[in-house]
Amino acid sequence: MLRVEPLLIENYVAAGTVNLRFNHVLDHGGASERASAAAECAGQQDPYSFWTMHNHLFRNLSSLFSANVDTYVGYANGLGLDADAFGSCMADPAILDKIRAQHGYRTNELNIRRRPAFLINDSVYQGGLPFDAFERAIAEAMN
Amino acid sequence: MDDFLPERQASGESGTQVSAGHAKFAFLLAVLLCTALIAVGCETGSAPMAEAEDDAAVPEAAAAEQEGEAAAAREPAAEEAAVPEESSEPAASAEVAEAEPEPASDPEPAPDEAVVEEPPDWTTHAFVDGGYYVLGNPEAEVSILDAGDFL
């Protein structure tokens, strides 16, 4: 999705025919939880900030394994978010419960074992997909 | 008038020499003549009367001129006052003229409507649905859920 997502946004989201949502997957323990919590806490301040933090995390993917809460508070501050509120959110156990629940949904209900995986309307696609595969899947979903 | 008086005086002088019948006849004739002359005098005498009236008319004309000047001074006000009356019809036509372009101006709001109808920038529009932060059009035909890890 990382490479394809900009094309989907440019060709489908901008046209209003497709919307995107992100389901947290926690395959790397605490590091995954902190990164997902950072995105959730950004979204609490403004739904679009979830996506700005989402993009920022993917751009800094290599540093996320060693990132701690202060690292994410620094990211939030750099994105113009309320750092104090963000820090409080990162310590909120309800956030961790939410992202764990989404991970469980992906694993237990969608029965997805591979990564990445996508749910396009009601159809599950596992594994990386090139853009033209998304185009076909979107066309099928629209018919 | 001056020509008439000597004639009458002449006729009066000659009446003393004629008989009573002739005098009556002359008197009646004179009355008729006088009546005729008066009638004629009213027609021809209208000139002196007109002259007299002209004499009086001069002040009237002067007054008229004065009134004209005053009126000229008042005219702007009168015109201003008249403008709405006179311009009421042009105003009506102006309204019509303004009203006529309205259909032509209808296309003008159309761009505004088009501006209003322009789709929002869905790439920066996000909302919450079912606990997910969703990017894009809430009414989009297709929803893609990315089950992924940031790491």
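Would you work out if segment A:35-93 is rounded, prolate or oblate? Take a ≥ b ≥ c from the square roots of the eigenvalues of the alpha-carbon gyration tensor; rounded if a/c is under 1.5, else prolate when a/b is larger than b/c, oblate otherwise.
Working: a/c = 1.57, a/b = 1.19, b/c = 1.32.
Taking the square roots of the gyration eigenvalues as a ≥ b ≥ c, segment A:35-93 is oblate.
Mind listing the long-range amide H neighbours of B:Tyr133? Cut-off is under 5 Å, sequence gap 5 or more, other chains count too, H placed in the peptide plane at 1.01 Å from N.
A:Phe22
Taking 51 Å as R0, compute the FRET efficiency from the Cβ-Cβ separation of A:Asp27 and B:Val116 and round it to 0.05.
Given R0 = 51 Å and the Cβ-Cβ separation, E is 0.65.
If a/c stays under 1.5 just call it rounded; otherwise compare a/b with b/c (prolate if a/b is bigger, oblate if not). Do that for segment A:79-143, with a ≥ b ≥ c from the square roots of the Cα gyration tensor eigenvalues. Display every interim value, and only then the final one.
Details: a/c = 3.13, a/b = 1.90, b/c = 1.64.
Here segment A:79-143 falls in the prolate category.
Could you tell me which of rounded, prolate or oblate describes chain A, using a ≥ b ≥ c as the square roots of the eigenvalues of the alpha-carbon gyration tensor, with rounded for a/c under 1.5 and, failing that, prolate when a/b is larger than b/c and oblate otherwise? Numbers along the way, then the final one.
Values: a/c = 2.05, a/b = 1.57, b/c = 1.30.
Note, shape of chain A comes out prolate.
Tabulate in residue order the Karplus-calculated ³J(HN,Hα) for segment A:79-91, using 6.51 cos²θ - 1.76 cosθ + 1.60 with θ = phi - 60°, rounded to whole Hz; enter x for Gly and Pro.
Using θ = phi - 60°, the values come out as 8, x, 8, 6, 5, 5, 5, 5, x, 5, 5, 4, 8 Hz.
Taking H placed 1.01 Å from N in the peptide plane, check which residues at least 5 places from A:Ala117 or on another chain put their amide H under 5 Å from its amide H.
The answer is A:Gly127, B:Ala147.
Using the Karplus curve 6.51 cos²θ - 1.76 cosθ + 1.60 with θ = phi - 60°, what ³J(HN,Hα) values do you get for each residue of segment A:118-125, in whole Hz, with x for Gly and Pro?
9, 10, 9, 6, 9, 9, 9, 10
Computed from the coordinates by the stated procedures, all read-outs in this text should not be read as laboratory data. Because the structure is predicted, anything quoted here is derived from the model rather than measured. Cβ: placed from backbone, ideal geometry, glycine included. Neighbour counts: every protein chain shown.
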